[in-house]
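Structure, as structure tokens:
The values are calculated or read from the model by the stated rules, or taken from the named source; none is laboratory data. On a predicted model such as this, the values are computed, not experimentally measured, just so you know. Here Cβ is always computed from backbone atoms with ideal geometry, including for glycine, and neighbour counts include all displayed protein chains.
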Amino acid sequence: MISPLPGHSFFLFGARGTGKSTFLTEYFRDSTTLWIDLLDPEQEDRFARNPLELSQQIAAIRNSLEWVVIDEVQKVPKLLDIVHSNVEKEKIPFALTGSSARRLKKDTVNLLAGRAFVYNLFPFTHRELRCNFDLDQALRYGTLPTLSSLKNEAEYQAYLRAYSLTYLKEEVWAEHLIRKLDPFRRFLEIAAQCNGEMLNFSNIARDVGADHKTVASYFEILEDTLLGFMLEPYHLSVRKRQSQSPKFYFFDPGVVRALTRMLTVPLKPRTYEYGRAFEHFVIAEIIRLSAYRQNDFRFSYLNTKDGVEIDLIVERPGQATALIEIKSSTQVSERDVRQLAVFKKDLANTEAFCLSQDPVRKEINGILSLPWSDGIEALGI
């Protein structure tokens, strides 16, 4: 889904396991490329000791070189000064991957002063998987690319357990993004339990055994490493947006189930947990696809004092704001969209949609009810 502009340097950020290296291998298969893999301890050590070696390697093959790829550049942030120099003087385009820009910003390193575009990579979308997409499997195990090469549920479960134990814990620790590992371990499980709910930082801090600021910083780390995203409350006033509680969603439903130790528990349709998983999947899918299209949409949710809620609000520049109800039901009725119809009357310049598993397209009291994948297209995503 990513389409880098030809000839322009770029950063490619994404959580480990989302396929950054695989994408670049395919993207540059017909190019003469110098590839530096900083996950290789030997290469990391060599460039950490002598960043100037990058210029020396480039000089040796400059006449035939088309691109330079540096995988996991945050491992040796000092290389970015060398990259900047070569982009300026030698006019060589670079592709730079990383888990996020957080460590680079933390170390106040050179981010190429806008001379490289930024793209984010996510788990597979249903459009990328096409005929291989299976909704039930996506809800139970997510869509991390490695799952496509595994054979059965036992392997899916083993992979997701390992992923949640290694990357989400030790890898974040190894990148020096946290000071203490044990509170972060507890935080991850509690954050997964709160997935898709309005956050109460004080309650989470008490359960984790950390202070409010530490918990807030943990959520920032998850956002910055593309392991999740915040959904802010909707209000026309920016100040009022910030005064209410956001929701947090992890980047992949399978990871949530691994962190909450629910991988072996069946996810049955018409249950509360199934509905939560379906809502999570659809919201994450919309945000992923919107990021790939770079359409500058803004996402939020609405919850009134009476507890009435709109699952997702999409503010689309130059278009009506979209009010979205997400239902896992296979047969949408007037009852399912009653509250949405009320909000549509109260909020000016809006369109209302119900995205569900109902295969029949219909209009109910001014609400367009669509199969979820058709609904995403109707949003302009």
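Points worth noting:
The rows are residues; the columns are (1) farther than 28 Å from residue 228 by Cα; (2) touching a residue at least 40 places away in the same chain (Cβ under 8 Å).
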site	(1), (2)
18	no, yes
29	yes, no
34	yes, no
43	yes, no
56	yes, no
62	yes, no
75	no, no
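- Scoring residue 74 on the criteria (1) at pLDDT 90 or above; (2) of a type outside the set (Gly, Ala, Ser); (3) in contact with a Gly (Cβ under 7 Å, 6 or more places away or on another chain) leaves a single failure, condition (1).
Here is a yes/no grid of residues against (1) touching a Ser or Thr at 6+ places or on another chain (Cβ under 9 Å); (2) surrounded by 13 or more Cβ atoms within 10 Å (Cβ to Cβ); (3) not assigned by TED's automatic domain parsing to the domain that holds residue 130:
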site	(1), (2), (3)
4	no, yes, yes
15	yes, yes, yes
24	yes, yes, yes
30	no, no, yes
51	no, yes, yes
68	yes, yes, yes
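- Entry remark, the stretch 224-255: residues being crowded, with 16+ Cβ neighbours inside 10 Å and either aliphatic (A, V, I, L, M) or modelled with pLDDT of 90 or more (or both) number 18 in total.
- Just one of (1) in a loop (DSSP other than H, G, I, E, B); (2) out of contact with any strand residue (DSSP E or B) (no Cβ under 9 Å at 6 or more places or on another chain) fails for residue 226. It is (2).
- Sole residue being over 25 Å from residue 291 (Cα atoms) and not in a helix (DSSP H, G or I), chosen from 151, 169: 151
- Residue list for the stretch 117-172, restricted to those being loosely packed, with under 15 Cβ neighbours inside 10 Å, small (Gly, Ala, Ser) and touching a residue at least 24 places away in the same chain (Cβ under 8 Å): 148
- The residues in the stretch 276-314 that are without any contact (Cβ under 8 Å) to a residue 60 or more places away in the chain and either in a strand (DSSP E or B) or in the same structural domain as residue 140 (by TED's automatic domain parsing) (or both) can be counted, and the count is 3.
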